[in-house]
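These notes are about the structure you will find just below.
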Amino acid sequence: MDVTGRKQTEEKLRASEKRYRSLYTKTPVMLHSVDSEGRLLSVSDFWLEKLGYSRNEVIGQKATDFLTTDSARRAVEKEMPEFVKDGTCKDVEYQIVAKSGEMRDILLSAVADYDETGGFTRSMAVLTDVTERKVVERQLVQAQKMEMVGQLTGGLAHDFNNLLGVVMGNLQLLERSVKGNDAANRRIAAALGAVDKGAELNRRLLAFSRRQKLETQTVDPNPLIEGLGDLLTRTLGEAIALECRLGEKIPYVVTDPSQLESAVLNLAVNARDAMAEGGKLTIESVHKPLHEDDTAREEGVAPGDYVMLSVADSGSGIPADKLDKVFEPFFTTKEVGKGSGLGLSMVYGFIKQSGGHVRITSEVGCGTTIRLYLPVDTCSSCQSDTAQDIPATAEGGRETVLIVEDQVELREIAVGLLEDLGYSVREAENGRQALEVLAAHDDIDLLFTDIVMPGGMDGTQVAAAARELRPDLPVLYATGYAEAAVLRRGDVKAGENLVTKPYRQEDLAIKLRQALDPQTNTGATQRSVKSDTLFVGE
């Protein structure tokens, strides 16, 4: 019999099958096929490449052996019975384990094959690796969560600071009416101290959760670190010992003090989390010039005069292969849900924005040290010896001040404090009314306005409209919280013409004299104002 045709057909079939197997094996997609017992019959080369196995290690093994425990249980108890019944499944989420131990997130889609009796014989599945996509999704969720926390914190902080302002103002006015009553004075002093602590905690909460426009000024780093002592002790807990080694004759630096405090607190919290069983945290300040040899191997680091603040812990340390990633946004060595991965990146960004540099060293089991380099103020050498000897006096005045505040209680407090200082006062509850008062009275020497107000005009808009009527009119702003967009307009400067609620009468008095007598003020007077008058924005 002439079987040439049949042989040619069989040869074509074998060639076609070979091409199919080659296409199946070489395709850049994760494919596998399993039998009725769930054992792998075949896998594509890309499947092996992605997971790091050889073909001999996987063929004949159960497909569920390569899944995580939770994924394997779900597959056996739920997904596989439904798949055998329906004959198809699409985008079922599993976690598969590579040979290295790394877990990969996959979406599995499959179709089933049945024999003449309807019995399940095998299946063909496509696996899509979505690990990177899941990481991005988690980062997006974390970023959205941080944004929501920031917005919520900002709103609450504004209202909370207004409430504290009412309490503090009334206590200060009451204090003057009970002079000579020692018992009453002690109670008022204790209450004022509690208000101060509440305002300080609120300010720190804002510093943690908001990104702000830097308000750089000359800062003495040692008193700043010392001022954080109580908060750091409470944050670290009893199991962690805190030691501060602050150098002598440390020069002033140019930075944003609120952001620097936030950076140190961030580093302390990270150190605490790395010392679950307790340990020691050491904060050190050193005058450290960096020469060209010190900066040659590091990009973006200029030689110069720096103050180094180091935060060192005795914790678990960071593996060498992860050390170069710690400043990347969203990177974290903590468990999922235990950290945003934003803390160190925010510290890094702030220090770089200040013209400084960050270095990190770590050894697993021995701890981590992070060093912050801040540029020295070139004029601080001539200021540091005399600045603290010049007192900031809470002087009053005889000028007339227009107060713009929408909340009645706060407006009454401000009126009482200013009148107690000797000023004449006119009032307005919104921007429109303020402009009417200003147009009707030419004896107003200063505009004192809240920033956040209802009615279509915030404080900066009121000030702009007022200066159209009176171009030389000094303006002092007050706020419990304001969006950074307000500060970016350039008229509000935290260290100069802004008081943060709740404010003490002496701080208000100093700011008023700075605004009314700008020629007589010095940087030393500004530097002596308490830190709680600084604004923490978005």
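Selection of the range 26-71 for residues being of a type in the set (S, T, N, Q) and touching a strand residue (DSSP E or B) at 6+ places or on another chain (Cβ under 8 Å) yields SER33, SER36, SER42, SER44, GLN61, THR68, SER71. Of all residues in the range 30-51, exactly one satisfies the criterion of being exposed (fewer than 13 other Cβ atoms within 10 Å of the Cβ) and farther than 15 Å from VAL76 by Cα, namely GLU49.
Scanning the range 403-429 for residues that are closer than 18 Å to LEU473 by Cβ and not hydrophobic (A, V, I, L, M, F, W, C) turns up GLU405, TYR423, SER424, ARG426, GLU427.
Please determine whether any residue of the range 419-430 is part of a helix (DSSP H, G or I) and within 35 Å of the chain's Cα centre (by Cα). No, the range 419-430 has no match at all.
Within the range 444-462, being assigned to a loop (DSSP other than H, G, I, E, B) and modelled with pLDDT of 90 or more holds for ILE444, ASP445.
Can you name the residue in the range 31-62 that is aliphatic (A, V, I, L, M) and in contact (Cβ under 8 Å) with a residue 12 or more places away in the chain and is also nearest to LEU107 (Cα to Cα) among such residues? Even if it seems obvious, please write down each step before you answer.
Narrowing the range 31-62 to residues aliphatic (A, V, I, L, M): 31, 34, 40-41, 43, 48, 51, 58-59.
With the extra rule that they be in contact (Cβ under 8 Å) with a residue 12 or more places away in the chain, the set shrinks to 31, 34, 40-41, 43, 51, 58-59.
Working: LEU31: 12, VAL34: 17, LEU40: 18, LEU41: 20, VAL43: 16, LEU51: 15, VAL58: 20, ILE59: 21 Å.
In this case the residue turns out to be LEU31.
Every listed requirement among (1) assigned to a helix (DSSP H, G or I); (2) on the phi > 0 side of the Ramachandran plot is met by GLY60 save one, (1).
Residues in the range 179-216 that are among the polar types (S, T, N, Q) and at pLDDT 80 or above were compared, and the one that is farthest from CYS244 (Cα to Cα) is ASN181.
For the range 239-265, the candidate set comprises residues that are of a type in the set (Val, Ile, Thr) and not in a helix (DSSP H, G or I); within that set, the residue that is nearest to LEU281 (Cα to Cα) is ILE240. In summary, LEU242 fulfils each of the numbered conditions (1) over 21 Å from the mean Cα position of the chain (by Cα); (2) at pLDDT below 90 with the single exception of condition (2). Is it the case, given these coordinates, that VAL311 is in the same structural domain as THR361 (by TED's automatic domain parsing), within 23 Å of the chain's Cα centre (by Cα), more than 18 Å from ILE370 (Cα to Cα) and in a strand (DSSP E or B)? Considered against the rule, which asks whether it is in the same structural domain as THR361 (by TED's automatic domain parsing), within 23 Å of the chain's Cα centre (by Cα), more than 18 Å from ILE370 (Cα to Cα) and in a strand (DSSP E or B), VAL311 comes out as no.
The values are calculated or read from the model by the stated rules, or taken from the named source; none is laboratory data. The model shown is predicted, which means the values in this text are computed figures rather than measured ones. Backbone-built Cβ (ideal geometry, glycine too); neighbour counts: all protein chains shown.
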